[in-house]
Amino acid sequence: MRSAFLDRIEMHPIIAAVKDDEGLSHAIETECEIIFILYGDVCRIPAIVDKVKSSGKLAMVHIDLITGLNTSKDIAVDFIKENTRADGIITTKGNLIGRARELGLYTVLRYFVIDSMALKNIAKQDMRGMLRPDVIEILPGIVLPKVIKKIREVSRVPVLAGGLISDREDVMNALNNGILAISTTNEDVWKL
């Protein structure tokens, strides 16, 4: 099951990330097969996910950004599993990864790579033997090849890049340097 998720990402390396209903409507019309949902609240998220699923796309909910679910408690993951048809979650909270995996959800653990401490945290996640996410996502996505190389050296988990990716050059730089796929809210990039 996990390899099917990675295969789908690899086959469709541009992931549409949406932050409002207008973006969602546009993303559904693209060839992007995976949609990262970066908005909503506990009342609306089931309907938002249903729109994605009805279009035949994979729906990943950034649980930290959903009003009413932005907690470090497992119950937020349970809510997503029991009340939506989401395929998985995105989070910056490593403790939610294990629960999501127990429930059969795909997992994306997001890191903000702003300094050497962030690199150490990525390495710790891999060394702790904790339930690893299916993929990690690094932000900003326009990181230097040298940083990507360091991340790939300290983590065996496939890497996505997101944030500030604005054109074909940014996408190709990421993919040519070992990034599995990119996520972006930039609608022009969705069409590449």
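Relative contact order for the chain: what percent, with Cα pairs under 8 Å and sequence separation of 6 or more?
On the way: 368 pairs, mean separation 39.5, N = 192.
After rounding, I find 21 percent.
Where in the chain lies the longest segment free of GluC sites (Glu not before Pro) that are both loop residues by DSSP (not H, G, I, E, B) and have at most 14 other Cβ atoms within 10 Å?
Values: sites that count: GLU29, GLU31.
In the chain, the maximal stretch lacking such sites is 32-192.
Using the heavy atoms of the protein chains alone and a 1.4 angstrom probe, what is the accessible area of the chain per residue in square angstrom?
On the way: 9090 Å² over 192 residues.
Ligands and nucleic acids excluded, the result is 47 Å² per residue.
Leaving ligands, DNA and RNA out of it, work out the accessible area of LYS51 with a 1.4 Å probe and give it in Å² to the nearest 10.
110 Å²
Using all C-alpha to C-alpha distances in the stretch 33-192, build P(r) with 5 Å bins and read off the rounded percent in each one.
2, 9, 19, 21, 20, 16, 10, 4, 0
Rounded to a whole number, what is D in µm²/s for the stretch 139-192 from Stokes-Einstein with the Kirkwood radius over alpha-carbon pairs (20 °C, 1.002 mPa s)? Before the final figure, lay out each step's value.
On the way: Rh = 11.1 Å.
In µm²/s, the coefficient rounds to 194.
Considering only protein heavy atoms and a probe of 1.4 Å, how much of the accessible area of the chain is carbon and sulfur, as a whole percent?
Details: 4680 of 9090 Å².
Whole-percent figure for carbon plus sulfur exposure: 52.
At 0.36 nm per residue, and after removing the present C-alpha to C-alpha distance, how many nm does the segment from HIS26 to ASP7 gain when stretched out fully?
Values: separation 19, 0.36 × 19 = 6.84 nm, distance 2.41 nm.
Gain in length upon complete extension: 4.4 nm.
Lysine pairs in the chain with Cα distance under 18 Å, only those 8 or more apart or on different chains: how many are there?
18
Once amide H atoms are placed 1.01 Å from N in the peptide plane, what residues at a sequence separation of 5 or more from GLY163, or on another chain, have their amide H within under 5 Å of its amide H?
Placed amide hydrogens put GLY141, SER183, THR185 under 5 Å from GLY163.
Can you compute 3J(HN,Hα) from phi for each residue in the stretch 151-164, using the Karplus curve 6.51 cos²θ - 1.76 cosθ + 1.60 with θ = phi - 60°, rounded to whole Hz and x for Gly and Pro?
Once θ is set to phi - 60°, the couplings for the stretch 151-164 become 4, 5, 6, 9, 9, 8, 7, x, 10, 9, 10, x, x, 6 Hz.
By the scheme Lys and Arg +1, Asp and Glu -1, what is the net charge of all other residues having a beta-carbon under 12 Å from that of ARG110? If you can, show how the numbers build up before the last one.
Values: positive: LYS93; negative: ASP64, GLU137.
Residues close to ARG110 contribute a combined charge of -1.
From the backbone phi of the stretch 61-75, what are the Karplus-calculated ³J(HN,Hα) couplings (6.51 cos²θ - 1.76 cosθ + 1.60, θ = phi - 60°) in whole Hz, Gly and Pro given as x?
Each residue's phi maps through the Karplus curve to give 9, 7, 4, 5, 9, 8, 4, x, 10, 7, 9, 8, 8, 4, 4 Hz.
The values are calculated or read from the model by the stated rules, or taken from the named source; none is laboratory data. If you're wondering where the values come from, they're calculated on a predicted model, not measured in any experiment. Note: ideal-geometry Cβ built from the backbone for every residue, glycine included; neighbour counts use all protein chains shown. Side chains are part of the model used for accessible areas, which takes the heavy atoms of the whole protein and leaves out ligands, DNA and RNA. Shrake-Rupley method; radii C 1.70, N 1.55, O 1.52, S 1.80 Å.
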